[in-house]
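Following: one structure in structure tokens, then a few remarks.
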Amino acid sequence: MKNLILLLILLMILACGQNHSKQEHTTSETTTENTSQEKDLSIQTDKQFGDEFELAEVKTGTEMLATYQSLKPGDTLKVQFQSEVQSVCAKKGCWMKLDLPDDQNAHVTFKDYGFFVPKDSQGHNMLVNGVAFIEQTDVETLKHYAEDAGKSEAEIAKITEPKLNYRFIAEGAKAVK
């Protein structure tokens, strides 16, 4: 009986030791992986993001707005366009909004979350290569967003129509002077 108890205690000690070394190994892999992936980008030093691409027919913001206005939900169009960065994700640079005429913008995300742009990109010109499309946000979602933003009941009640959003999934981007 004593031998059985000693054997169980020994097995528990060995099992705990193995689990501890697995955690250390996983932690060191994660730390190495995060360090290499989270290099701070800067618009001052970095110019190419994502896949490299050759220049084709690059649209201006005005041409791109006209292109978006010709699309219907479900349509996609492979295109390149250049415009000023209105805003960028402040946490990682995982999205940006490019300026279009008439107080419009294109919300740009990056294919497969595969790359980021510098967080200091706002106010600089960016050329993107990828797929343009429009997305319709329904009234219920718009009201939810308004509620989350702390809008009044009266302001929320005024939301009665869905909204079309100009979207773009970039495969690559270049900072332009």
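Throughout, read-outs are computed from the coordinates displayed, never taken from laboratory work. It should be emphasised that the depicted structure is a prediction, and the values quoted were computed from it without experimental measurement. Neighbour counts run over all protein chains shown; Cβ positions are idealised from the backbone, glycine included.
Under a no-solvent Debye model with one identical scatterer per Cα of the stretch 83-173, what's log10 I(q)/I(0) at q = 0.22 Å⁻¹? Here the Debye-derived log intensity ratios amount to -1.07.
Stretch T76-V176 to full length: gain in nm at 0.36 nm per residue minus the Cα-Cα span?
33.5 nm
Of the GluC sites (Glu not before Pro) found in the stretch 49-127, the ones in coil according to DSSP and having at most 15 other Cβ atoms within 10 Å of their Cβ are E52, E54, E57.
The distance between label points at E147 and Q122 comes to 2.9 nm (points 7 Å beyond Cα on the Cα→Cβ vector).
Using 0.36 nm per residue of separation minus the Cα-Cα distance, give me the extension gain between D103 and N165 in nm, one decimal.
My answer for the length gained is 21.1 nm.
Derived scalar couplings between HN and Hα for the stretch 104-112 equal 9, 8, 10, 7, 9, 10, 10, 3, 6 Hz in order, rounded to whole Hz, by the Karplus curve 6.51 cos²θ - 1.76 cosθ + 1.60 (θ = phi - 60°), x for Gly and Pro.
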